[in-house]
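In what follows, a single structure is set out as structure tokens and then discussed.
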Amino acid sequence: MTDILFVGDSHLGSIRRAWDGRPEPLQDVSAKFFALPAKHLSEAQCWKPNTFGVGHLAQTHEAIATLSHKINDTLDIALDDISAVIHVGPVVPVAKIFPVLSKYSVDGIQEVAGAAAMSNNAFRSFCRSIAESNPLLPPWTGPDVPRLVVTRPRQSEDAIELMPNFVKDEALRERFKTSSILAAVYAIFDDAYEVLSSKDNYTLVRQSEETFGVSGLTRSVFSVGSKGLLGDDHEETDFFHMNVDYGKLVLDRLAESLQQPLIGR
């Protein structure tokens, strides 16, 4: 039996709920899960040998310790038998490029009448610089095992229409509704992080293409019925979290990505 550890924020919920129905290649894999809301997850660390969690905060941050007990039934996870760590929920900072898309026509990405022109190469370089300045993972001081990254899912397509703060520029929001601009931009960022993954020693697990709508965001069907880490239903206006069907597709991708790192372990 191979043991893997999932570490993540609220987006780990869909995967945890899908685990019992995991695909055949993962049937002989045993999983441990450690989740906290994003604002607290950075407090979890390998604070003593072969131990990951928030046990070091038990006396000083009672609220975080209590929350960990509610979500994980523990403060810490033993790492002695862990063969791989899967980090779930790091943010791909696509929104940081929106100001550029608001001002420029970008070759091969969007044409905006009357706007200044930017070459495709310059745009890609800009995206890469954003990725380099926003690493997906903090330093890891735990065991030297393969690490994989499942980034935060792209928002539901409904976010374009129903969540104005997602894209504050109205003209840009309208372009997003009727084109594949976001799909192209996300692909550029994914490629950038793929390159960075070699340097930072992790494997990037890309979001499954079958989850994408025309806009390049996640099809709305995958956000319906999503639940929080404690099993509570998300509000209908939550366009960020995905449901168990999405979690199953993530596990399908992980089954492919884990086979090579776990060979011989």
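The values are calculated or read from the model by the stated rules, or taken from the named source; none is laboratory data. These numbers come from a predicted model, not from an experiment. Heads up, the Cβs are rebuilt from the backbone with ideal geometry, glycines too, and the neighbour counts pull from every protein chain shown.
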Report summary line: Filtering the stretch 150-194 for residues that are touching a Leu at 6+ places or on another chain (Cβ under 8 Å), among the β-branched types (Val, Ile, Thr) and not in a helix (DSSP H, G or I) leaves a count of 2
Report summary line: Across (1) in a helix (DSSP H, G or I); (2) exposed (fewer than 14 other Cβ atoms within 10 Å of the Cβ), residue 141 clears everything bar (1)
Requested in this report: Quick one: which residue in 156, 226, 220, 133 is within 17 Å of residue 8 (Cβ to Cβ), of a type in the set (S, T, N, Q) and under 18 Å from the mean Cα position of the chain (by Cα)?
Outcome: 226
Requested in this report: For the stretch 9-119, please list each of the strands (runs of 3 or more DSSP E) lying entirely inside it that holds at least 1 residues being at pLDDT 95 or above and under 25 Å from the mean Cα position of the chain (by Cα).
Outcome: 29-35, 45-48, 51-53, 76-78, 82-88
Query raised in the report: Can you name the condition, by its number, that residue 55 falls short on among (1) touching a strand residue (DSSP E or B) at 6+ places or on another chain (Cβ under 9 Å); (2) more than 23 Å from residue 166 (Cβ to Cβ); (3) of a type outside the set (Val, Ile, Thr); (4) surrounded by fewer than 17 Cβ atoms within 10 Å (Cβ to Cβ)?
Result: (4)
Report task. Kindly provide the set of residues from the stretch 223-239 that are at negative phi and either outside any loop (DSSP other than H, G, I, E, B) or touching a helix residue (DSSP H, G or I) at 6+ places or on another chain (Cβ under 8 Å) (or both), ordered by number. Result -> 223, 226, 227, 228, 229, 230, 233, 237, 239
Report summary line: Taking the stretch 9-49 and the residues there that are in contact (Cβ under 8 Å) with a residue 60 or more places away in the chain, more than 19 Å from residue 222 (Cα to Cα) and in contact with a strand residue (DSSP E or B) (Cβ under 6 Å, 6 or more places away or on another chain), the one that is surrounded by the fewest Cβ atoms within 10 Å (Cβ to Cβ) would be 46
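Rundown of residues vs (1) touching a Leu at 6+ places or on another chain (Cβ under 6 Å); (2) of a type in the set (Asp, Glu); (3) within 22 Å of residue 259 (Cα to Cα), yes/no style:
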site: 8; (1), (2), (3): no, no, yes
site: 30; (1), (2), (3): no, no, yes
site: 38; (1), (2), (3): no, no, no
site: 50; (1), (2), (3): yes, no, no
site: 57; (1), (2), (3): no, no, no
site: 61; (1), (2), (3): no, no, no
site: 64; (1), (2), (3): yes, no, no
site: 69; (1), (2), (3): no, no, no
site: 74; (1), (2), (3): no, no, no
